[in-house]
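J.: Below: one structure in C-alpha cells.
The values are calculated or read from the model by the stated rules, or taken from the named source; none is laboratory data. Bear in mind that the values here come from a model prediction, so they are computed numbers and not experimental data. FYI the Cβ positions are ideal-geometry reconstructions off the backbone, even for glycines, and counts take in every protein chain you see. All accessible areas refer to the heavy atoms of the entire protein, side chains included, with ligands and DNA or RNA removed. Shrake-Rupley method; radii C 1.70, N 1.55, O 1.52, S 1.80 Å.
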Amino acid sequence: MDRMLENRELISDLADGRLDDADAAMLLDQMSADDDAAVSWEVYHLSRDVLRGEWGTTTVAADATLGLSSDFMARLRTRLADEQIEPLASLSQALPVTPQVLRAEAANQPLFRWRMVAGLASVVAVAAVGWGLMGQQGPGRLGEQMAINSVPPSGVQAVTVSLPGDERAVMLRDPRLDELLAAHKQAAGASALQTPAGFLRNATFEGASR
Amino acid sequence: MTQPPTILSPAPDDSDLLLVQRAVEGNQRAFELLVLKYQRRVARLVARMVRDSDLVDDVVQETFIRAYRALHQFRGEAQFYTWLYRIAVNTAKKALVDLRRNPVMNESALRGRDDDDETSPVSNELSSDETPETVLAAKEIGEAVNSAMEALPEDLRQAVTLREIEGLSYDEIAEVMNCPIGTVRSRIFRAREAISAKVKPLLTNQTGKRW
C-alpha cells in the first residue's frame, strides 16, 4: 500500500476518532508533505454533511464554503504562522500555575469585562447602602446632626417683619453679620457680577433706617 | 436511498479534542484540520449574519484566528463547535458594529436583522456571495455524493450509512452488521474513497487548490 493511501486510511480513522495520540501525531507529521490527505479529510467531512442533510438544503448553507476565497486556507496558514500560541507542555513545565494562560485574552473577553464592571458596581452599591444604614443606627445620626447644626448660634434674634400685602415673616438677625455689613457698606447694593442679576438677593444693612 | 433524518445525534468518538490538544502543543496542522472540518459551518453561520462575501471571508478568518489564540482555554467541557460557534457569532457582531461605525461602509453588507441562529429560516433570495455558479456547484457536489452512495455495494453503503447518518460507533456497527471491527473500518474507508473519487474533482474545479 502506498503512503498516500495509507494516510487516507488513517485520516478516515481520525475522522471517526479511532486514532490514538501516537498514531495521530505520526499522521499529522506526515501530512505536512501530503496535501492529498488533507483534501481527503475535507471531502470526508463534506460527504458527511451531505449525507446528514446539512448540505444543499438551503441556498446559504449550500455554498457557504464555496463563497470563501480560493486562497482562504493559504491566507489563514500565513496568519496562523504569525501567531505565537503557548505550547501546553512548556507552560506546564515552566509555570505550574500557568499565569500566562490567565493573561491571554479570551475570545469572549469583552463580555467578561462587562461582568467585572457589573460586579464592581454591585459591590459599590452594597457599600453605599451599608454606609447609609450604619449612619441611621448610630447615636449621632445624620438627621440629628443636621438638626443640631441648624440651631441658630447664640446672639441670633428672630425678628418679625412686615411684607407687602399685610403678610408677616420671621427674619433671623445676627449681630455679627450686621457688623460685617456695616463695615463694608460700600459694597451694598451691588452684586459681584457688576450687572443686574434678578436671581440674586443682596444682603444689605441700612443701619438706622431699619 | 432513504431521506436523511433532520435531527441527528452527535457522532461518537469525535477526534476534535485530540486535534485541539495537538494544536495547543504547537501542531498547527492539527488546527488546520479543525478549520477544514468546520469552515463550512462557520461560513454558513456568518453568511446568515452578514451579506458581503468579502466580509464573510474576513469574519471566518478572524473567527479561526481568535479561536487559535484562545485554544488553550478550551477544556472540552462543551463540543468544540459550540465553543467555536460563540466565537464566530461574537466576531460577526463586532464586524457589523465596526461596519456601522465606518462612514464608508457598504450598507448592503448588513443583513439588517439580528439573526445569529443557524437554525433560523433562510431567505430564498441569493446573497451577494451566492452566484448561480456556486449554487449549481453545491448542487452538483450534493448529487455526486448521493449518486456515489447509490453506486456502492450494499455492505459498504450500509456501513457508511450507519456511521455517517445514524452516528453509530464502530463497535455498534460491527454488532449490527455481524462482522469484525476491522471489517467495519475497511468498509467505511472504501466507501469514503469511492465517494471522494466523485467529489474531489468537483471541489477542486470550483474552488481551486484549497489546501
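J.: Applying the selection to the range B:58-75, what residues are facing another protein chain (nearest Cβ under 7 Å) and open to solvent by 30 Å² or more (accessible area, probe 1.4 Å)?
T.: Within the range B:58-75, B:ARG66, B:ARG69, B:GLN73 qualify.
J.: For B:ALA159, are the conditions met, namely being facing chain A (nearest Cβ under 9 Å), part of a helix (DSSP H, G or I) and open to solvent by less than 60 Å² (accessible area, probe 1.4 Å)?
T.: no
J.: Inspect the range B:69-76 for any residue being more than 26 Å from A:GLN84 (Cβ to Cβ), at pLDDT below 90 and not in a helix (DSSP H, G or I) and give the result as yes or no.
T.: no
J.: Identify, from the list B:MET105, B:MET177, the residue that is at pLDDT 95 or above, open to solvent by 20 Å² or more (accessible area, probe 1.4 Å) and more than 12 Å from chain A (Cβ to nearest Cβ).
T.: Every option except B:MET177 fails the conditions.
J.: Can you list residue pairs whose Cβ atoms sit under 7 Å apart, with the first residue in the range A:68-84 being at the interface with another protein chain (Cβ under 7 Å from one of its Cβ atoms) and the second being at pLDDT below 80 and part of a helix (DSSP H, G or I)? Count only pairs 6 or more apart in sequence or on different chains.
T.: As it stands, the answer is A:SER70/B:THR207, since those pairs meet every condition given.
J.: Give the number of residues within the range B:13-23 that are of a type outside the set (Lys, Arg), open to solvent by 30 Å² or more (accessible area, probe 1.4 Å) and facing chain A (nearest Cβ under 8 Å).
T.: 3
J.: Could you list, in sequence order, the residues of the range B:145-155 that are open to solvent by 10 Å² or more (accessible area, probe 1.4 Å), part of a helix (DSSP H, G or I) and either touching a residue at least 24 places away in the same chain (Cβ under 8 Å) or within 11 Å of another protein chain (Cβ to nearest Cβ) (or both)?
T.: Within the range B:145-155, B:ASN146, B:SER147, B:GLU150, B:ALA151, B:ASP155 qualify.
J.: Can you tell me how many residues within the range A:14-28 are of a type in the set (D, E, K, R) and either assigned to a helix (DSSP H, G or I) or more than 7 Å from chain B (Cβ to nearest Cβ) (or both)?
T.: Of the range A:14-28, the ones of a type in the set (D, E, K, R) are A:16, A:18, A:20-21, A:23.
Keeping just the survivors that are either assigned to a helix (DSSP H, G or I) or more than 7 Å from chain B (Cβ to nearest Cβ) (or both) gives A:20-21, A:23.
Selection size over the range A:14-28: 3.
J.: Determine which member of the set B:THR204, B:THR183 is more than 7 Å from chain A (Cβ to nearest Cβ), at pLDDT below 90 and part of a helix (DSSP H, G or I).
T.: Going through B:THR204, B:THR183 in turn, the sole match is B:THR204.
J.: Considering only the range B:24-57, how many residues are in contact with a strand residue (DSSP E or B) (Cβ under 8 Å, 6 or more places away or on another chain) and either among the polar types (S, T, N, Q) or more than 8 Å from chain A (Cβ to nearest Cβ) (or both)?
T.: 2
J.: Take the residues in the range B:180-192 that are without any contact (Cβ under 8 Å) to a residue 24 or more places away in the chain and touching a helix residue (DSSP H, G or I) at 6+ places or on another chain (Cβ under 7 Å); name whichever of them is least open to solvent (accessible area, probe 1.4 Å).
T.: Only one residue fits best here, namely B:PHE189.
J.: Would it be correct to say that A:GLY135 is open to solvent by less than 70 Å² (accessible area, probe 1.4 Å), at pLDDT 80 or above and not aliphatic (A, V, I, L, M)?
T.: Judged against the criteria, A:GLY135 is not a match.
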